[in-house]
Amino acid sequence: MRLIVGLGNPGPEYSTTRHNIGFLAVDQLAEEHAIPLCRSGFQAVYGIGFVAALETIIAKPLTYMNRSGEAVAALAAYYNISPAHITVIHDDMDIAFGQLRIKLRGGSAGHRGIQSIAHHTGQSGFTRIRVGIGKPPSSTAHVEYVLRNFSDGETACLQEVIRKTNHCIALLFTDGPHAAMNIFHRPGA
């Protein structure tokens, strides 16, 4: 079984913020694969179905970003899912808006949701799909930037970014991480 987690903050006030790109992506992924996110438990909403012929849980933690690991660790423990079978989709300010990068293990680069997951699972060997949201203007604090809504120009491109993110998931599951990296780590991808 696989676990795909979109990171974000619960509540309508956060629904269209940059920090919620993970939630936006898994909402669309769940819809595309007819997996209703109707189960509640483990401090998350989630659904179980099939993605690329693999039984998969799609989840959104309800713990707020900085405590995402509580939900991820609880789901993984209950369903006996190893870190190697966990994929986390999250925002990344170090990547240009709309670009994707795949990371298989390692540090959090300061992302508190990722720090929480590594802390609560005791592992850093889970796959991350880092979705670029771009750098904030120099006069804007990082926390303020990630909690802002996307600009009008970004909003116009958001569906394509989400489509690309979900295509990345399909490639990860069918062809493996290196094939996905070969496509999404190219300039302009």
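Applying the criterion of being in a strand (DSSP E or B) and hydroxyl-bearing (Ser, Thr, Tyr) to the residues of the stretch 33-72, the residue that is farthest from HIS19 (Cα to Cα) is THR56. Where helices (runs of 4 or more DSSP H) fall entirely within the stretch 73-176, those with at least 3 residues that are surrounded by 17 or more Cβ atoms within 10 Å (Cβ to Cβ) are at 112-121, 152-175.
Looking for whichever is at pLDDT 90 or above, under 14 Å from ILE21 (Cα atoms) and small (Gly, Ala, Ser) here; the options are GLY153, GLY132. Which one fits?
GLY132
Just need a number here: residues in the stretch 47-61 that are surrounded by 18 or more Cβ atoms within 10 Å (Cβ to Cβ) and touching a helix residue (DSSP H, G or I) at 6+ places or on another chain (Cβ under 7 Å).
Summing the residues that are surrounded by 18 or more Cβ atoms within 10 Å (Cβ to Cβ) and touching a helix residue (DSSP H, G or I) at 6+ places or on another chain (Cβ under 7 Å) in the stretch 47-61 gives 7.
The values are calculated or read from the model by the stated rules, or taken from the named source; none is laboratory data. Just so it is clear, the model here is predicted, and its values are computed rather than measured. Note that we place each Cβ from the backbone using ideal geometry, even for glycine, and neighbour counts take in every protein chain shown.
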